[in-house]
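Everything below concerns the one structure shown next.
The values are calculated or read from the model by the stated rules, or taken from the named source; none is laboratory data. Note that the coordinates shown come from a computational prediction; the quantities given were computed from them, not determined experimentally. All Cβ positions, glycine included, derive from the backbone under ideal geometry; neighbour counts span all protein chains shown. Accessible surface is based on the protein model in full, side chains and every heavy atom, while ligands, DNA and RNA are left aside. Shrake-Rupley method; radii C 1.70, N 1.55, O 1.52, S 1.80 Å.
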Amino acid sequence: MNATALAASRSGGSPSAAGAEVEARAIRRTFGDTTVLRGLDFRAPAGAFVAVVGRSGCGKSTLLRLIAGLDAPDGGSVTIAGRPLADASDQARVMFQEPRLLPWASVLANVEVGLGAERDAPGRRERALAALASVGLADRAADWPATLSGGQRQRVALARALVSRPRVLALDEPLGALDALTRIEMQRLLESAWLRDGFTAVLVTHDVAEAVALADRIVLIERGAIALDVGVPLARPRHRGAAEFGRLEEAILARLLGDPAPEP
Amino acid sequence: MTDATAAPLERLRARPSPGRPFGWRLSGAYGWIAPALLVALWQAGSSLGFIADTVLPSPASVVAAAWRLTRSGELASNIGVSFLRAMAGLAVGGAIGLVFGFANGLSKVSEGLSDSTLQMVRNIPHLALIPLVIVWFGIDEGAKLFLVSLGVFFPVYVNTLHGVRSVDPQLIEMAKSYGMPRAALFRRVILPGALPSIFVGLRYALGVMWLTLIVAETIAAQSGVGYMAMQAREFMMTDVVVLSILIYALLGKLADVATRLLEGFCLPWHPAYRRA
């Protein structure tokens with residue numbers, strides 16, 4: 001990404017809305033006989049980048065789906081900026097595990113989908129183009145999604161998620177299917193978008209290194225409850241080779257794997 | 001340009017295209033080799049006296065019959081009548097099939113009310129209704145319209161329903177979470193997602209359409225290509241009978257080509273229809 005693309009996307013959109021606080025209180029979710037979340041409390045302060053890690057099946061994706069309004073809790077409540085989720089759903093955007101682009105719409109039209117209620121507003125094309133430029137794909141605007149690589153599709157999905165300037169971005173392991181290099185590229189893109197737009201990010205991931213690289217705070221979920229909640233006191237940009245980075249990653253991994261290790 | 005640079009290009013062209021398991025591509029002209037050869041053999045057989053004219057007239061006499069009927073205007077008017085019947089039946093049956101397919105694919109209530117009834121009716125061969133249809137409509141246009149519509153309805157209905165149901169639920173979830181209203185959800189996600197399957201239904205429907213029309217016209221009609229063939233049989237004019245059969249084949253091919261063009265136009269994003 002270059003400076004002009006950044007500037008273009010900044011001037012093309014509406015005035016940057018600051019992040020909104022996300023709060024889930026005592027939420028429960030059961031599927032049949034299995035209780036996935038048992039009265040879990042979760043809070044992401046406005047503008048923060050919170051990563052949620054855990055083994056598969058621990059309930060982290062369920063938590064994200066509840067926060068994003070894709071699913072309703074059996075008990076408890078979710079609020080965004082203090083308002084119930086139902087009234088604030090247009091302020092939150094989801095980036096899914098899969099790109100979920102409409103195969104029959106051009107890359108640009110797919111980004112326009114992200115405008116939500118403003119999809120018919122004048123200047124939508126310019127805003128979508130600016131968002132595409134900010135992920136470095138302005139030259140592919142007219143192409144079909146089928147002609148893009150996996151990483152490029154996920155970049156289009158990121159542009160779609162950000163084009164409406166959401167106050168909250170929920171990310172459900174969006175980089176899990178990408179190769180290692182593309183993944184690091186996407187992490188940098190995501191971080192710069194977050195630094196630029198100031199939205200609240202909630203990232204579910206199974207990759208502890210990814211969580212340490214991106215998040216201000218890491219929440220570890222075990223058997224439907226929060227088992228660990230640690231801050232990441234590392235300056236940005238972060239370097240994976242740094243000793244502190246490795247120590248933190250090691251400690252969280254040890255906790256995840258159930259090894260006896262000192263807590264950070 | 002030297003051979004050295006041309007060779008890799010040639011090799012690229014000779015490579016099997018993706019999606020076609022059998023290497024070389026046949027361009028349109030190659031497809032006509034087999035039919036042309038068959039006609040040549042047929043003509044040779046007739047000219048040499050191997051095939052009796054009363055059993056199978058020679059291609060030359062079929063062409064002569066075509067010329068004769070074209071001059072008298074009979075051919076054009078009969079083809080026109082058959083074509084209009086086919087299209088009217090396709091429009092009526094196809095439209096009803098689309099409506100029920102979408103309604104039952106989108107609404108549980110609608111599906112509960114009508115699907116099992118429709119599935120029961122589907123198992124009755126619609127041509128079995130001919131005696132009843134003659135009692136109801138006589139041999140009027142209504143009879144043909146009814147039969148063709150009924151025949152066309154089911155393939156369109158079944159494939160539309162299947163298409164709507166098989167739209168990727170992840171895309172629907174995405175669209176809903178991005179605040180897409182219901183009308184836009186239908187127009188931008190469900191309809192284009194169901195379209196490839198609807199085209200499959202249309203292709204089946206075209207086959208059923210011609211079949212039904214031929215049967216209906218030979219049994220109960222006073223005009224059309226099928227009627228022309230039955231009249232000719234009365235007078236042992238086998239050349240006209242064969243001509244009628246060939247016309248049905250050509251009309252069928254024409255419908256197929258039209259569908260392909262329509263698919264290419266409506267599904268430009270689909271890897272199977274994307275033009276290189």
Scan of segment B:103-118 for residues that are aliphatic (A, V, I, L, M) and either open to solvent by 30 Å² or more (accessible area, probe 1.4 Å) or part of a loop (DSSP other than H, G, I, E, B) (or both), ordered by number: B:ALA103, B:LEU106, B:VAL109, B:LEU113
Within segment B:152-174, track down each residue that is facing chain A (nearest Cβ under 7 Å) and among the aliphatic types (A, V, I, L, M). B:LEU171, B:MET174
Identify the residue in segment B:35-77 that is of a type in the set (Val, Ile, Thr) and not in a helix (DSSP H, G or I) and, among all such residues, is least open to solvent (accessible area, probe 1.4 Å). B:ILE51
All but one of (1) crowded, with 18+ Cβ neighbours inside 10 Å; (2) more than 13 Å from chain A (Cβ to nearest Cβ) hold for B:MET180, so report the exception by its number. (2)
Answer yes or no as to whether B:VAL148 is open to solvent by less than 10 Å² (accessible area, probe 1.4 Å) and either aliphatic (A, V, I, L, M) or farther than 22 Å from A:PRO99 by Cα (or both). yes
Anything in segment A:72-96 that is outside any strand (DSSP E or B) and either touching a helix residue (DSSP H, G or I) at 6+ places or on another chain (Cβ under 6 Å) or facing chain B (nearest Cβ under 9 Å) (or both)? List them, or say none. A:PRO73, A:SER89, A:ASP90, A:PHE96
So which residues in segment A:143-157 are within 17 Å of A:LEU181 (Cβ to Cβ) and within 14 Å of chain B (Cβ to nearest Cβ), if there are any at all? A:LEU148, A:ARG153, A:GLN154
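Evaluate the following for A:SER77: is it small (Gly, Ala, Ser), surrounded by fewer than 22 Cβ atoms within 10 Å (Cβ to Cβ), at pLDDT 90 or above and more than 26 Å from A:ARG255 (Cβ to Cβ)? Spell out how you get there, then give the answer.
Details: small (Gly, Ala, Ser): yes; surrounded by fewer than 22 Cβ atoms within 10 Å (Cβ to Cβ): yes; at pLDDT 90 or above: yes; more than 26 Å from A:ARG255 (Cβ to Cβ): yes.
In short, yes.
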Is it the case that segment B:158-171 has a residue that's farther than 26 Å from B:THR259 by Cα, open to solvent by 30 Å² or more (accessible area, probe 1.4 Å), modelled with pLDDT of 90 or more and in a helix (DSSP H, G or I)? yes
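Among the residues of segment A:113-133, which ones are outside any loop (DSSP other than H, G, I, E, B), within 10 Å of chain B (Cβ to nearest Cβ) and surrounded by 22 or more Cβ atoms within 10 Å (Cβ to Cβ)? Give the derivation first.
Initially, segment A:113-133 is screened for residues outside any loop (DSSP other than H, G, I, E, B), giving A:113, A:116-118, A:124-133.
Filter again for within 10 Å of chain B (Cβ to nearest Cβ), leaving A:113, A:116-118.
A:VAL113 - this is the single residue of segment A:113-133 that is outside any loop (DSSP other than H, G, I, E, B), within 10 Å of chain B (Cβ to nearest Cβ) and surrounded by 22 or more Cβ atoms within 10 Å (Cβ to Cβ).
Scan A:GLY241, A:GLY258, A:GLY246, A:GLY198 and give me the residue that is closer than 30 Å to B:GLU173 by Cα and either open to solvent by 20 Å² or more (accessible area, probe 1.4 Å) or small (Gly, Ala, Ser) (or both).
Numbers: A:GLY241 fails: closer than 30 Å to B:GLU173 by Cα; A:GLY258 fails: closer than 30 Å to B:GLU173 by Cα; A:GLY246 fails: closer than 30 Å to B:GLU173 by Cα.
That would be A:GLY198, the only listed residue that is closer than 30 Å to B:GLU173 by Cα and either open to solvent by 20 Å² or more (accessible area, probe 1.4 Å) or small (Gly, Ala, Ser) (or both).
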Only one of B:VAL208, B:VAL215 is out of contact with any Cys (no Cβ under 9 Å at 6 or more places or on another chain) and more than 22 Å from B:LEU98 (Cβ to Cβ). Can you tell me which? B:VAL215
